[in-house]
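Participant: Got a structure for you, questions after.
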Amino acid sequence: MTGGDPVKVGLAASLNRPGGNVTGVSFFSVELGGKQLGLLRELRPGAARIAMLVDPKFPTTEQFVSDVRAAASAMGQQIEAFYVSSDHEIETAFTTLVQRGAGALFCGSGWFLLSQRDRIVALAARHRIPAIYLLRDYVAAGGLMSYAQNNPDAYRQAGIYAGRILKGEKPGDLPVMLPTKFEFVINLKTAKALGLEIPDKLLALADEVIE
């Protein structure tokens, strides 16, 4: 399982023909940045500045930041990245982004940020900052919304591949799979606490609404 492009990081020669001893499922987390930013703008079209919280130690962070900045530039949206790798830096980042007038937050990927999801969600609530996350776990913890691949479906595919390899197939002959199922989750309870009214267009797009 990988969060980025297995070709770019040298795990496979190509998606269709990996060629080596590694295959699996790419989570496509970097490429989804533009879509997630678009959903956030649908919610807060008047936000002059959007903050982005990212982990500098996570391997795909720089590509993620680059892609989201490119998407923001195409939309005419100002965006500022805050790099955090400790509890204190998360607290400082929220204080600073509020002072700089950020109208919304885009939370990046990485195990550190995921491990701090309760803190991040609580700070977003305290500062009344609407945020979009890369995993449903954040929304389940009280975050506002998330858009990402369906992880159980991707893990299931990885399990199928493991079975095929154990039966004798070569990893290099099995194409790297890309996610086919995505989910958009909205927490209406959090929206109400933030004083936000979710547009009907977003509600219609949602795969799951937490009430």
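The values are calculated or read from the model by the stated rules, or taken from the named source; none is laboratory data. Because the structure is predicted, anything quoted here is derived from the model rather than measured. Cβ: placed from backbone, ideal geometry, glycine included. Neighbour counts: every protein chain shown.
Participant: Scanning region 175-192 for residues that are in a loop (DSSP other than H, G, I, E, B) and more than 20 Å from ASP137 (Cα to Cα), which turns out nearest to the chain's Cα centre (by Cα)?
Facilitator: The first filter runs over region 175-192 and keeps only residues in a loop (DSSP other than H, G, I, E, B), leaving 175-176, 178-181.
Remaining after also requiring more than 20 Å from ASP137 (Cα to Cα): 175-176, 178.
On the way: PRO175: 24, VAL176: 20, LEU178: 16 Å.
Residue satisfying both the conditions and the ranking: LEU178.
Participant: Among the listed residues GLY163, GLY159, GLY172, GLY195, identify the single one that is in a loop (DSSP other than H, G, I, E, B) and either not polar (S, T, N, Q) or not assigned by TED's automatic domain parsing to the domain that holds GLY19 (or both).
Facilitator: Only one candidate passes the filter, namely GLY195.
Participant: Just for region 129-156: of the residues that are assigned to a loop (DSSP other than H, G, I, E, B) and at pLDDT 95 or above, which one is farthest from ALA193 (Cα to Cα)?
Facilitator: Step by step, filter region 129-156, then rank; the result is ALA141.
Participant: Now for a different question. Just checking, does region 157-167 include any residue being exposed (fewer than 13 other Cβ atoms within 10 Å of the Cβ), under 13 Å from PHE27 (Cα atoms) and not hydroxyl-bearing (Ser, Thr, Tyr)?
Facilitator: no
Participant: Going by what's in this entry, would PHE94 be described as more than 17 Å from VAL185 (Cα to Cα) and buried (at least 17 other Cβ atoms within 10 Å of the Cβ)?
Facilitator: In short, yes.
Participant: For SER26, state whether it is among the polar types (S, T, N, Q), crowded, with 19+ Cβ neighbours inside 10 Å and either in contact with a Gly (Cβ under 7 Å, 6 or more places away or on another chain) or closer than 22 Å to MET1 by Cα (or both).
Facilitator: So SER26 passes the test.
Participant: Do we have any residue at all in region 66-75 that's in contact (Cβ under 8 Å) with a residue 24 or more places away in the chain and at positive phi?
Facilitator: Within region 66-75, not a single residue is in contact (Cβ under 8 Å) with a residue 24 or more places away in the chain and at positive phi.
Participant: Can you name every residue in region 51-66 that is touching a Gly at 6+ places or on another chain (Cβ under 7 Å) and among the β-branched types (Val, Ile, Thr)?
Facilitator: Across region 51-66, the qualifying residues are VAL54, THR60, THR61.
Participant: Hey, does region 83-91 have a residue that's crowded, with 18+ Cβ neighbours inside 10 Å and either more than 19 Å from ARG41 (Cβ to Cβ) or assigned by TED's automatic domain parsing to the domain that holds THR61 (or both)? It would help to see each step written out before you state the result.
Facilitator: In the first step, residues of region 83-91 are kept if they are crowded, with 18+ Cβ neighbours inside 10 Å; the result is 84, 90.
Cutting the leftovers down to either more than 19 Å from ARG41 (Cβ to Cβ) or assigned by TED's automatic domain parsing to the domain that holds THR61 (or both) gives us 84, 90.
Checked region 83-91: at least one residue is crowded, with 18+ Cβ neighbours inside 10 Å and either more than 19 Å from ARG41 (Cβ to Cβ) or assigned by TED's automatic domain parsing to the domain that holds THR61 (or both).
Every residue, every condition in (1) under 27 Å from ILE50 (Cβ atoms); (2) small (Gly, Ala, Ser), yes or no:
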| site | (1), (2) |
| --- | --- |
| ALA125 | yes, yes |
| ILE129 | yes, no |
| ALA141 | yes, yes |
| LEU166 | no, no |
| VAL176 | no, no |
| GLU197 | yes, no |
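Participant: How do the pairs read when you match residues in region 1-16 that are over 11 Å from PRO175 (Cβ atoms) and part of a loop (DSSP other than H, G, I, E, B) with residues anywhere that are at pLDDT below 80 and among the aromatic types (Phe, Trp, Tyr), using Cβ under 9 Å and keeping only pairs 6 or more apart or on different chains?
Facilitator: As it stands, the answer is MET1/PHE27; GLY3/PHE27; GLY3/PHE28; GLY4/PHE27; GLY4/PHE28; ASP5/PHE28, since those pairs meet every condition given.
Participant: Something else now. With respect to TYR138, is the statement that it is without any contact (Cβ under 8 Å) to a residue 40 or more places away in the chain and of a type in the set (Ser, Thr, Tyr) true?
Facilitator: On the way: without any contact (Cβ under 8 Å) to a residue 40 or more places away in the chain: yes; of a type in the set (Ser, Thr, Tyr): yes.
When the stated conditions are applied, TYR138 passes them.
Participant: Separate question: If a residue has to be part of a helix (DSSP H, G or I), at pLDDT 90 or above and surrounded by fewer than 17 Cβ atoms within 10 Å (Cβ to Cβ) to count, how many in region 52-69 make the cut?
Facilitator: So the count comes out to 0.
Participant: For region 144-161, which positions are over 29 Å from ALA125 (Cβ atoms) and in contact (Cβ under 8 Å) with a residue 12 or more places away in the chain?
Facilitator: Within region 144-161, ASP153, ALA154, TYR155, GLN157, ALA158, TYR161 meet the criteria.
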